[in-house]
Amino acid sequence: MGLLKGSVTFSRYRIVGAPPDHFPEFFNERIRRFAFQNVWRTSDEKAAGWTSLEDGLDTDFPYASYAQGKYMLFSLRIDRKAVAPSLLRLRIQETERKQLTESGQKKLYREQREAIKESVRLDLLGKTLPVPAFHEICWSVPDNVVTFCCLSDKVVGELQEIFKESFSLGLCPYAPWNVEGAGTDVSLPSLPPGIDPLTVGREFLTWLWFKSEERNGTVRIPGGECEVLFVRRLVLEAGEGEYAETIVCQGLHADLKEGKEALRQGKKISAARIHMALDKAEWEFTFKADRFHFQSMKLPTASESDGDETDREGQILERIYLIEKAAGMMDQLFRSFLDLRLSTWEDELARMQRWIAQ
């Protein structure tokens, strides 16, 4: 329920393609056409579709309830059925023995075993209740950006599939170095030569830790300064696949000796718990550097509902503003890093190396 209350976990995506000119009418027709259907075929393992953000049973979207300000707010509902492997094995074994007894055969052929397995599986699925899951979506229409409250690769793949089918638009993983708005290609936007998009996030997060300590927790952003502190948890990694090495540092503060030692060994920060403040607003979240994902973000307390439902839309829009503000500041910090990386990086790298050696 991150868009409505509590902490929020989210990934971001850019729209691939151009929405039609008559977008409000188009969206209204399509979200209703591909809304979640409660009618299950007994053997289905999955059903998916759109629902209202605040009411998982609302698939009619009366009075354009999804439209708030410049945003389209709704949820992706995915219901799944699953049969426990141990139960499936027992039922298959039971059915095979019964068929051997009734037929007088000494053994079953492969085709018979496969037919029994599929028949048992479908029978059990038909008797299994689906488990629903709801994933919130905030589509900023003029910005061509979709915020999706989920980090699961499997669920993201399902989102991309149904989004394409519903709205004839693709979703490209968000990258802060792509500032042009709508994309034309689903591939990750390219970076200047010499910068690897697969590792640049870790370089950035490692630089941000250095910058935070260099300036006592204060880091410049365009138009001012913000407070950035690394707190409680760092994940540092080096290598890939079977050669990958990971170190997790946990504590009240992130300035742990183990973290510095890992940096001296050539590791880079892949995830960190960050406290960020600007003016009187404070956020805390885990930042995953490889994909620029945000996990368990705590918003400023001023955004929490006080129980007054008279301005529900205003409360939701305030939360979205605060979510976008935190993500936007991280994007600004990344672009500051990228500017240095492409210009006076040797001087900055020398200072970083002295800090690491301390």
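Points to keep in mind about this one:
- Positions within region 7-39 being hydrophobic (A, V, I, L, M, F, W, C) and closer than 30 Å to residue 301 by Cβ, in sequence order: 8, 10
- Residue 23 vs. criteria in contact (Cβ under 8 Å) with a residue 40 or more places away in the chain, buried (at least 17 other Cβ atoms within 10 Å of the Cβ) and either under 22 Å from the mean Cα position of the chain (by Cα) or not assigned by TED's automatic domain parsing to the domain that holds residue 311 (or both): no
- Test: residue in region 66-82 that is loosely packed, with under 14 Cβ neighbours inside 10 Å and without any contact (Cβ under 8 Å) to a residue 60 or more places away in the chain: yes
- Options 90, 122, 108, 57: the member that is touching a Ser or Thr at 6+ places or on another chain (Cβ under 6 Å) and either more than 30 Å from residue 167 (Cα to Cα) or without any contact (Cβ under 8 Å) to a residue 24 or more places away in the chain (or both): 122
- Test: residue in region 12-34 that is in contact with a Cys (Cβ under 9 Å, 6 or more places away or on another chain), on the phi < 0 side of the Ramachandran plot and not in a strand (DSSP E or B): no
- Extreme residue, modelled with the lowest pLDDT, among residues of region 278-307 that are of a type in the set (S, T, N, Q) and in contact with a helix residue (DSSP H, G or I) (Cβ under 9 Å, 6 or more places away or on another chain): 303
- Residue within region 340-354 that is of a type in the set (Val, Ile, Thr) and modelled with pLDDT of 90 or more present: no
The values are calculated or read from the model by the stated rules, or taken from the named source; none is laboratory data. A quick note: this is a predicted structure, and the numbers were derived from the prediction, not measured. Every residue, glycine among them, receives a Cβ derived from its backbone with ideal geometry; neighbour counts consider all protein chains shown.
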